[in-house]
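Right, one structure below, let's go through it.
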Amino acid sequence: MSTSQKTSSPLSSLGVPTFTPVARAILRIGAGLLFMQHGAQKLFGLFGGVDGNGATAELFSQFGVAGVLEFFGGLLFVAGLFTRSVAAVLALLMIVAYFIAHAPQGLVPILNGGELALLYACVFIFFAGSTPGAWSIDGARS
């Protein structure tokens, strides 16, 4: 379905327009920009870096590879380019991150600090199975 097509909803039968493509775009762009910040911390030492003092992760370490995926995967996600494939990779990254960094501290996400990783995973799973919404390169190519 292209982003210019209207999506059917219960409200559309009442004459209320649907904003689903725009809502998807806002979620995609907002989540992608926030996700990129995690990569920028690891790769460029921005926002305090990995240690709070501007340090960066070694590129070929687990943290460095995560930073590359977070920053450049987030950039592709914001642009809406290869959205479904990128979202699937990023969802897997967040699930692995949860089990490596958070689950060993306990199984309850709010107690082990893993709720953000799981929330990102949910957003990425949504986009792996959905269209990117409005304002995407994928939408313009179809």
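The values are calculated or read from the model by the stated rules, or taken from the named source; none is laboratory data. For clarity, every value in this text was computed on a predicted model and none was experimentally measured. Please note: Cβ atoms are built from the backbone with ideal geometry, for glycine as well, and neighbour counts cover all protein chains shown.
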Checklist outcome for this item: When region 32-74 is checked residue by residue, the ones that are assigned to a loop (DSSP other than H, G, I, E, B) and among the β-branched types (V, I, T) are V50, T56
Item to check | Residue among A140, A121, A128, A134 that alone is in contact with a Pro (Cβ under 6 Å, 6 or more places away or on another chain) and closer than 16 Å to I29 by Cα | outcome: A134
Checklist entry - Is there a residue being closer than 30 Å to F19 by Cα, at pLDDT 95 or above and not in a helix (DSSP H, G or I) anywhere in region 81-95? => result yes
Item to check | Pair list, Cβ under 8 Å, 6 or more apart: region 104-119 residue free of Cβ contacts under 8 Å to residues at least 12 places away in the same chain, other residue assigned to a helix (DSSP H, G or I) and among the charged types (D, E, K, R) | outcome: P109/E115
Checklist entry - Could you list, in sequence order, the residues of region 92-111 that are buried (at least 20 other Cβ atoms within 10 Å of the Cβ) and closer than 30 Å to S142 by Cβ? => result L93, M94
Checklist outcome for this item: Picked from region 60-92 (must be β-branched (V, I, T) and without any contact (Cβ under 8 Å) to a residue 40 or more places away in the chain), the residue nearest to W135 (Cα to Cα) is V86
Checklist entry - Taking only pairs six or more apart or across chains, which ones have beta-carbon atoms under 6 Å, a first residue in region 17-29 that is under 17 Å from L81 (Cα atoms), and a second residue that is among the small types (G, A, S)? => result P21/G133; P21/A134; V22/A134; R24/G133; A25/G133; A25/A134; R28/G133
Checklist entry - So which pairs qualify, if the first residue must be in region 33-49 and under 17 Å from F60 (Cα atoms) and at pLDDT 95 or above, the second must be crowded, with 18+ Cβ neighbours inside 10 Å and among the acidic types (D, E), the Cβ gap must be under 8 Å, and the two must be at least 6 apart or on different chains? => result H38/E70; G39/E70; K42/E70
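Condition test on R141, is it among the basic types (K, R), surrounded by fewer than 21 Cβ atoms within 10 Å (Cβ to Cβ), out of contact with any Leu (no Cβ under 7 Å at 6 or more places or on another chain) and modelled with pLDDT of 95 or more?
no
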